[in-house]
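Enquirer: The structure follows.
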Ligand code: DQA
């Protein structure tokens, strides 16, 4: 059976290409999904992709990954990275290998972006690689 990975994106990631292109690039959310799908095909794995602007919906999706027997999670929690104990607890609950992705180089940005709750549960963090960070994360998980 093919391995299954969840690719989860938080608030405003649906605005890629429109929002602050100098930080997040000019490619759209659809382009991001296309590129991760191409990587999944190349690696021979299945993916579920999901984006929500709502914290509880993201918690539900993380739990779904567990109940569907996923092999890992790639997550860009976006602004919830810096605030959400609920997302941290959800990831910890699943015990699934998780890679935290940020399109921008968050460590070089504002002080309020320097806290990441999700980092406490993620086994790897990829920042500042644009949308290719998602494919790198998937490749890391698939090759584990
Ligand atoms: C982000 C960085 C976060 O600080 C920000 O709130 C986002 C996107 C990134 O991908 O670089 O929405 O997660």
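We did not get these values from a lab; they are worked out from the coordinates using the rules stated. Nothing here was measured: the structure is a model prediction, and the numbers come from that model. Backbone-built Cβ (ideal geometry, glycine too); neighbour counts: all protein chains shown.
Enquirer: Using the 10 angstrom Cβ neighbour count as an exposure proxy, how do 57, 111 rank, fewest first?
Expert: The order, fewest Cβ neighbours first, is 111, 57.
Enquirer: Let a ≥ b ≥ c be the square roots of the eigenvalues of the Cα gyration tensor of the range 1-142; is it rounded (a/c under 1.5), or, if not, prolate (a/b larger than b/c) or oblate?
Expert: Verdict is oblate for the range 1-142.
Enquirer: Per-residue ellipticity at 222 nm for the chain, helices alone: DSSP H runs ≥ 4 residues times -39500 (n - 2.57), over residue total, nearest 500 deg cm²/dmol?
Expert: Helix contribution divided over all residues of the chain: -11000 deg cm²/dmol.
Enquirer: Which whole-number percent is the relative contact order of the range 8-135 (Cα, under 8 Å, 6+ apart)?
Expert: It comes to 26 percent, rounded to a whole number.
Enquirer: If r is the Cβ-Cβ distance from residue 89 to residue 64 and R0 is 22 Å, what FRET efficiency results, to the nearest 0.05?
Expert: Calculated value: 0.90.
Enquirer: Moving to a separate point now. What is the distance in Å between the Cα centroid of the range 14-83 and that of the range 100-116?
Expert: After rounding, the separation between the Cα centres reads 17 Å.
Enquirer: Say R0 is 22 Å: what FRET efficiency, to the nearest 0.05, do residue 143 and residue 37 get from their beta-carbon distance?
Expert: In this case the efficiency is close to 0.75.
Enquirer: So for the pair residue 53, residue 119, with labels modelled 7 Å out along Cα→Cβ, what separation do we get in nm?
Expert: Reported label-point gap for residue 53 and residue 119 is 2.8 nm.
Enquirer: In nm, give the distance between the simple-model label positions of residue 108 and residue 15, each being 7 Å from the Cα along the Cα-to-Cβ direction.
Expert: 2.3 nm
Enquirer: Which ordering of 95, 42, 113 is given by a fewest-first count of other beta-carbon atoms within 10 Å?
Expert: 95, 42, 113
Enquirer: Further, regarding this structure: Treat the count of other C-beta atoms within 10 Å as a stand-in for reagent exposure and order 39, 49 from fewest to most.
Expert: Taking fewest neighbouring Cβ atoms as first place, the list is 49, 39.
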